[in-house]
Amino acid sequence: MKHSEMTRRTLLAVTTAAALGLGAAAAQAQSPENVLIVGQIAEPKALDPAAVTAVNDFRILMNVFDGLVRYKDGTLEVEQALATDWTISDDGTVYTFALRNGVKFHDGSDFNAEAVKFNFDRMLDENHPYHDTGPFPLAFFFSAVNSVEVIDPMTVQFTLNAPYAPFLSNLAYPTGLIVSPASVETHGSDVGRNPSGTGAFTFVEWRSNEAVVIEANPDYWDGAPELQAVVFRPITDANTRTAEMLAGGIDLMVEVPPVSLSEFQGDAFKIHEQAGPHVWFLILNAKEGPFADVRIRQAANYAINKEAIVNDVLEGTAAVAAGPTPPAFAWAYNESLEPYPYDPDKARSLIAEAGSEGAELTFFVTEGGSGMLDPVAMGTAIQADLEAVGFEVAIETYEWNTFLGEVNPGLEGKADMAEMAWMTNDPDTLPFLALRTEAWPDKGGFNSGYYSNPEVDKLLEAARVSTDQSERARLYQEMQTIVHEDAPWVFVANWKQNAVTSDRVGNFSLQPSFFLLLDEVTKN
């Protein structure tokens, strides 16, 4: 029997046991050595790097695809991947990459400069023949790209419209992962169900609401993985995911509910923690309704007992957030900012001053999703705090992908506030995509609450073109001060990510990027 045939039969047995509801013990009984079962927080939306935004999806994609560059293990520093070297012009607008020779996509086609150009043209050029395989929600990451040119088969050149400091970091982000042009040409808009990259693992199958299966790429340019295969199982309910982990139905569980961490003490499990650039916040609808008044937005920040949420709901696995930039970006973080204190009397005073006593608020809450911590429990606590200062709060709860479909297009006409979490790779990313006026949803961004401040716009535009990091830091810190005062969000928490592995799993570590990198992981 061929190795790949044996792998598929084994994986089919594992995923079938889970799908038929045979329970964690049955799944464990079918789980062989070197096949890692990962409990994911949600069904992926797609497996096309250019088409998704959720870390839940990125955790799969980073094992199937490569980018020109990647983050060095344990850091957010950029190193070589499919590019072995690069040069940057003196004016910071031309990046020339030398590509790795001899690399093939999983479908057998060649990786080369034409493939790189195809990927970025597909995302950025509306006239590209495969542009309609999108949407491409994070194309903002590469909005500075004027052109991508093939210099020779193994050299590609990007010309930017202005210096753009986060460019290399954005290339390391999943949106910059390189997809096989042949797979796009073959599958068209279904390429997100049929991924082909150059990564450490190759795609086997995606069984909706059951499993995504990938297997080792023995010809991987950076060395064949230790694992034979990985099965990503979507288990949306955190309690069910915990029960599966305790019973042995999964080998690796991400985003463990804080209240469940104590259940994984002892030699049978290992708890992993890693701080990263994360912020959990509430988007406030600044365009219409009560939160169009800055006093009411500030009142919400005073009304919510964030210390209690961090200590009681999150069991100390996070810190209270002071603003839109996570402290993990130490060089850009404004240390002078203090979190809004818990002051319900101040909140009531601002509400009375604005004449908004008894205002009714619609609050969108998700059942779970990328970096969302314990969203239902947090939403319930927030609801209670806001009602304690005189608001009437109605919660509407949605599954993660449905939630994104409601929130990302904007809250106008639908809700006053919504939970949200971002894990970012650069201090430019979150505010540029979610706080600028030009990032309103109807303009292609994620500013779902329609916040607008021309000074913030100017600071963000200036920071992304500065080639002086100290100047960038000054601009970001000034932006944070203004946004803190304008309070377009309730700044709730910065999370310390966690995961649990069984004692069968070795050589696993969490990354500051929040991605799962599994090429060196073992399982006995």
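The values are calculated or read from the model by the stated rules, or taken from the named source; none is laboratory data. Given the structure is predicted, the values throughout are model-derived calculations rather than measurements. As a convention, Cβ positions derive from the backbone with ideal geometry for all residues, glycine included, and neighbour counts pool all protein chains shown. Side chains included, ligands, DNA and RNA excluded: accessible areas come from the protein's heavy atoms. Shrake-Rupley method; radii C 1.70, N 1.55, O 1.52, S 1.80 Å.
Give the peptides 141-151, 298-308 in descending order of average Cβ contacts within 10 Å, highest first.
298-308, 141-151
Out of ALA321, VAL212, ASN239, whose Cα points farthest toward the positive end of the dipole of region 208-331 (charges: +1 Lys, Arg; -1 Asp, Glu; placed on Cβ)?
Highest projection toward the positive end goes to ALA321.
Hey, got the dipole for the chain? About the Cα centre, +1 on K and R Cβ, -1 on D and E Cβ, debye to the nearest 20?
800
Across every pair of different alpha-carbon atoms, what Kirkwood hydrodynamic radius in Å does region 172-330 reach?
20.1
Let me know the shape class of the chain, please: from the alpha-carbon gyration tensor, a ≥ b ≥ c as square roots of the eigenvalues, rounded when a/c is under 1.5, otherwise prolate if a/b is greater than b/c, or oblate.
Oblate is the answer for the chain, as a/c is 1.5 or above yet b/c matches or exceeds a/b.
Using the Karplus equation 6.51 cos²θ - 1.76 cosθ + 1.60 (θ = phi - 60°), what ³J(HN,Hα) coupling, rounded to whole Hz, does each residue of region 257-262 give in order, writing x for Gly and Pro?
Result, rounded to whole Hz: x, x, 5, 9, 4, 5.
If you plug each phi of region 430-437 into the Karplus form 6.51 cos²θ - 1.76 cosθ + 1.60 with θ = phi - 60°, what whole-Hz ³J(HN,Hα) values come out, in order, with x for Gly and Pro?
4, x, 5, 8, 9, 10, 6, 4
Using a 1.4 Å probe over the heavy atoms of the protein chains, calculate the carbon and sulfur portion of the accessible area of the chain as a whole percent.
Numbers: 8850 of 19290 Å².
That fraction is 46 percent.
Could you run the Karplus curve 6.51 cos²θ - 1.76 cosθ + 1.60 with θ = phi - 60° over region 59-67 and give me ³J(HN,Hα) per residue in whole Hz, x for Gly and Pro?
After applying 6.51 cos²θ - 1.76 cosθ + 1.60, I find 5, 7, 4, 5, 9, 9, 10, 10, x Hz.
Using the alpha-carbon centroid of each, what span in Å lies between region 460-524 and region 262-294?
12
Which of the peptides 266-274, 105-113 is most tightly packed, and how do the rest follow, going by the mean number of other Cβ atoms within 10 Å of each residue?
Per-residue Cβ counts within 10 Å, averaged per peptide and sorted highest first, yield 105-113, 266-274.
Give the long-range amide H neighbours of ALA318: residues separated by 5 or more places, or on another chain, with amide H under 5 Å away, using H modelled in the peptide plane at 1.01 Å from N.
LYS496
Can you tell me what the convex hull of the Cα atoms of region 466-510 projects to on average, as an area in nm²?
Values: hull surface 24.0 nm².
Hull-based average projected area comes out at 6.0 nm².
Under a Cβ-Cβ cut-off of 14 Å, what is the net charge of the residues other than SER183 that fall near it, where Lys and Arg count +1 and Asp and Glu count -1?
For residues surrounding SER183, the net value is -2.
Show which lysines lie in cross-link reach of LYS414 when reach means a straight Cα distance below 17 angstrom and same-chain residues fewer than eight apart are skipped.
LYS287
So how far, in whole Å, is the C-alpha centre of region 367-409 from the one of region 176-232?
34
At 1.567 mPa s and 4 °C, plugging the Kirkwood radius over alpha-carbon pairs of region 245-345 into Stokes-Einstein gives what diffusion coefficient in µm²/s?
79
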